[in-house]
Amino acid sequence: VIGFIEATISGILMGGLYGFIAVSLSLIFGVAKIVNFAHGALFMVAMFLVYWILVLLKVDPYLSSLIAAGFLFFFGYFFQRLFIEPILRREKETAPLTVILLTSGLMMIIENVALLLFGADYRTVKTGYTGKVWEIAGLFIAQPRMIGFVLSLVLILLLELYLRKTNLGRAIRATSQDREAARLMGIDDYRVYKITFGVGGTMLGFAAAFLVPFYFVHPAVGELFVLKSFVIVVLGGLGSITGAFLAGIIVGIIESLGAQFINSALVESLIFIIFIGCLVVKPTGLLGKQRE
Amino acid sequence: MRDPYFLHAAITVLLFAFLASSWNIIGGLAGQHSFGHSVFFGIGAYVSTILFIYWNVPPFLGMIVGGIIAAIASIGIGYPCFKLRGPYFALSTLAFTEIFRIIATTTEQVGPVDFKGAAGILIPFRPGNSFVNFQFAEKAYYYYIILAMLILILFIHNWIEKSRWGLYLAAIRDNEDAARSIGINARRFKILALMISAFFGAMAGTFYAQFFLYIEPILFSSALSIEILLIAIVGGAGTLMGPFLGSLILTPISELTRTYLGGTYAGVQLIIYGGVLVAVMMFAPQGIIPPLAKRYRMLFERRA
């Protein structure tokens with residue numbers, strides 16, 4: 001029973017991070033309707049950034065998360081500006097397949113450049129809290145996971161506030177609901193897209209810093225997260241931030257319990273089967289609104 | 001033609017041209033850019049190999065059996081996925097490649113058959129040139145077989161395109177809602193196109209298995225699916241010769257980088273592929289053939 005509870009808790013904590021990454025993807029997918037396959041590659045870039053800052057400059061990941069977040073904002077912003085915007089302008093409406101292929105091309109480039117530069121080693125870091133646990137009511141909880149979960153939750157609440165209370169946030173939500181109408185109201189939709197990409201990048205930067213203390217860094221690490229994030233986004237409902245976070249936690253629990261009691265590889269395929277089932281039965285997801 | 005290295009490269013070019021042409025039926029003619037084509041390729045490779053190793057079924061027969069199984073599997077894949085459109089369709093077909101890859105990676109012994117999981121299956125080498133074993137010491141045999149297969153699929157492509165049914169597919173591709181509103185059963189025609197596409201995709205899998213004599217779960221991977229799409233789209237999705245042209249351009253790149261860089265620089269091939277993909281999407285999203293054809297036609301009309 002203790003094993004079961006601990007696996008559940010560890011699943012929730014990891015799921016929170018999945019949810020956090022998925023929220024950043026959902027923002028881009030939901031607002032700009034862009035399937036960004038390079039999302040995982042951006043995440044990997046952020047993880048390496050945090051890793052090298054830690055190894056070379058001995059700066060704590062939670063501190064360097066600010067640097068990573070800032071850097072990834074510009075990375076995301078210019079990523080949209082340089083590659084995706086020209087296509088959107090040319091094809092007027094979002095052409096999903098052109099953009100999917102474009103972003104998978106960029107993913108191939110970024111990942112393999114990282115492979116050339118850093119090699120295929122699985123790198124891990126040693127921080128003061130790696131492997132440390134808190135004992136709460138007889139249960140052992142890994143410290144970095146707990147910290148990552150709490151910080152993710154706080155940042156998601158901040159994002160929600162930002163989207164609801166600021167003008168730019170309102171512009172983002174308006175564009176996601178109806179691009180044409182938003183444009184008629186004087187919103188520069190391309191600028192909104194760029195900023196959305198930037199904000200998505202910022203969140204990835206934070207997520208990477210939260211993950212580095214207890215995970216490995218590898219050029220293909222993003223691939224592990226990107227498909228799962230799409231699953232989570234669809235499960236949670238497109239454009240729903242709470243939905244994505246909850247779906248992330250659900251996926252985390254399934255994974256953690258499955259790894260403990262069934263077989264981690266089969267659970268992976270179970271998640272994809274659930275994904276297809278969910279798409280067919282209820283494409284709007286758990287908390288999504290009507291799409292199209 | 002006698003140079004074995006050149007022959008090997010020519011065979012891989014034709015193989016990928018064939019594979020991309022099989023994708024072209026669902027992806028080009030019907031306009032459904034499936035990210036799941038590697039599933040059929042993998043099914044073809046595994047079915048014929050297992051029939052050959054455990055029951056001594058000649059791979060040429062196994063190729064047909066694999067094709068039929070892939071076509072049946074394609075109904076199961078097409079049924080849910082064709083309910084979805086655009087990015088959702090792409091993601092759901094991609095999810096299928098992951099499901100199959102994971103199953104192939106984790107499956108070991110099933111009854112008398114050992115799938116060998118992640119290790120992959122080595123096909124025992126039988127010396128000599130034998131059509132029964134589909135193994136040839138002289139590579140020229142492989143060359144002519146895959147050439148014949150490519151010509152066959154180009155004929156079928158051409159036939160579908162010209163048929164009434166091909167016009168239905170074109171209508172679905174250009175505007176599915178409009179096609180439905182004039183009474184075309186879109187789902188049925190799409191599944192039919194996917195079945196044909198899957199059948200030939202599986203044939204390519206068998207050929208791959210017999211040519212390289214080694215198969216592994218990576219054959220199901222989404223990376224291979226993207227490579228197939230890339231070849232067809234660079235050449236021009238939906239055009240007859242697009243996949244062939246795409247393979248002619250891209251496959252030698254991968255052969256050369258594999259030979260001269262290999263090992264530590266294995267990623268260079270994918271960087272070049274990624275670069276080509278980005279450039280094509282940004283500057284010629286229709287592929288290479290349509291703009292060329294347009295220019296040629298303009299030239300022709302001006303003279304007339």
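Numerical summary
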quantity: Average partner coverage of B:98-108, which counts Cβ from other chains inside 10 Å; calculated: 4
quantity: Cross-link pairs A:165/B:83; A:126/B:116; B:83/B:116; A:33/A:165; A:33/B:190; A:126/A:228 - those with Cα-Cα distance over 29 Å; calculated: A:165/B:83; A:126/B:116; B:83/B:116
quantity: Selected from B:204, B:182, A:233, residue furthest toward positive end of dipole (the protein assembly as shown; charges at beta carbon); calculated: B:182
quantity: Per-pair calculated FRET efficiency, R0 = 60 Å: residue B:170 and residue B:119 via Cβ, rounded to 0.05; calculated: 0.85
quantity: Net charge dipole size for segment B:96-196 [Lys, Arg +1 and Asp, Glu -1 on Cβ; Debye, nearest 20]; calculated: 260 debye
quantity: DSSP H segments from chain B that extend 18 Å or more along their own axis, Cα-based, with Kyte-Doolittle mean of 1.6 or above; calculated: B:59-81, B:222-235, B:267-283
quantity: Fully extended contour minus Cα-Cα distance, from residue A:191 to residue A:266, at 0.36 nm per residue; calculated: 22.7 nm
quantity: The protein assembly as shown, accessible area per residue, ligands and nucleic acids excluded (1.4 Å, Å²); calculated: 42 Å²
quantity: Cα gyration tensor category, rounded, prolate or oblate, for segment B:1-92 with a/c compared to 1.5; calculated: oblate
quantity: Translational diffusion coefficient (Stokes-Einstein; Kirkwood radius from C-alpha pairs) of segment A:1-149 at 25 °C, 0.890 mPa s, in µm²/s; calculated: 138 µm²/s
quantity: Pairwise burial A:B, computed as accessible area of each alone minus the pair, summed, 1.4 Å, Å²; calculated: 3300 Å²
quantity: Equivalent ellipsoid dimensions for the protein assembly as shown as semi-axes, Å, which come from the Cα gyration tensor, largest first; calculated: 40, 30, 23
quantity: Whole-Å distance, taken between Cα centres, linking segment A:10-61 and segment A:77-142; calculated: 6 Å
quantity: Paired Rg and Dmax values of chain A, which use every Cα atom, in angstrom; calculated: 18.7, 60
quantity: Span from the segment B:86-107 Cα centroid across to the segment B:12-60 one, whole angstrom; calculated: 16 Å
quantity: Assigned charges on the beta-carbon of Lys, Arg, Asp, Glu; chain B dipole about Cα centre (debye); calculated: 880 debye
quantity: For chain B, alpha-carbon Rg relative to the globular expectation (2.2 N^0.38 Å, N residues); calculated: 1.00
quantity: Averaged over B:80-93, number of beta-carbon atoms from partner chains that fall within 10 Å; calculated: 6
quantity: Candidate residues B:149, B:298: accessible-area rank, largest first, probe 1.4 Å; calculated: B:298, B:149
quantity: Mean Cβ neighbour count within 10 Å, used as a protection proxy, ranking A:142-151, B:224-233 highest first; calculated: B:224-233, A:142-151
quantity: Average beta carbon contacts from partner chains per residue of A:267-273, 10 Å cutoff; calculated: 5
quantity: Equivalent-ellipsoid semi-axes of segment A:173-282, from the Cα gyration tensor, Å, largest first; calculated: 31, 19, 10
quantity: Cα-derived Rg to Rh of segment A:238-282, Kirkwood definition; calculated: 1.02
quantity: Cα-only Debye scattering, segment A:94-186: base-10 log of I(q)/I(0) at q = 0.10, 0.13, 0.17, 0.20 Å⁻¹; calculated: -0.63, -0.92, -0.99, -1.00
quantity: √(5λ) per eigenvalue of the Cα gyration tensor, segment B:79-187, largest first, Å; calculated: 38, 26, 10
quantity: Projected label distance in nm at residue B:158 and residue B:299, using a 7 Å step from Cα toward the beta-carbon; calculated: 2.2 nm
quantity: Cα-based Rg and Dmax for segment B:138-267, where Dmax is the largest Cα-Cα distance (Å); calculated: 17.6, 56
quantity: Prolate/oblate/rounded call for segment A:21-83, Cα gyration tensor, a/c under 1.5 rounded; calculated: prolate
quantity: Length added when fully stretched, residue B:253-residue B:130, from 0.36 nm per residue minus Cα-Cα; calculated: 41.2 nm
quantity: Hull-based mean projected area of segment A:71-122, where the convex hull spans the alpha carbons, in square nanometres; calculated: 4.5 nm²
quantity: Size of charge dipole - the protein assembly as shown - debye, nearest 20, with Cβ of Lys, Arg +1 and Asp, Glu -1, no other charges; calculated: 1420 debye
quantity: Length released on extending from residue A:55 to residue A:280, taking residue separation times 0.36 nm less the Cα-Cα span; calculated: 76.4 nm
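The values are calculated or read from the model by the stated rules, or taken from the named source; none is laboratory data. All values derive from a computational prediction rather than experimental measurement. Cβ atoms come from the backbone with ideal geometry, glycine included; neighbour counts cover every protein chain shown. Heavy atoms of the whole protein, side chains included, go into the accessibility calculation; ligands, DNA and RNA do not. Shrake-Rupley method; radii C 1.70, N 1.55, O 1.52, S 1.80 Å.
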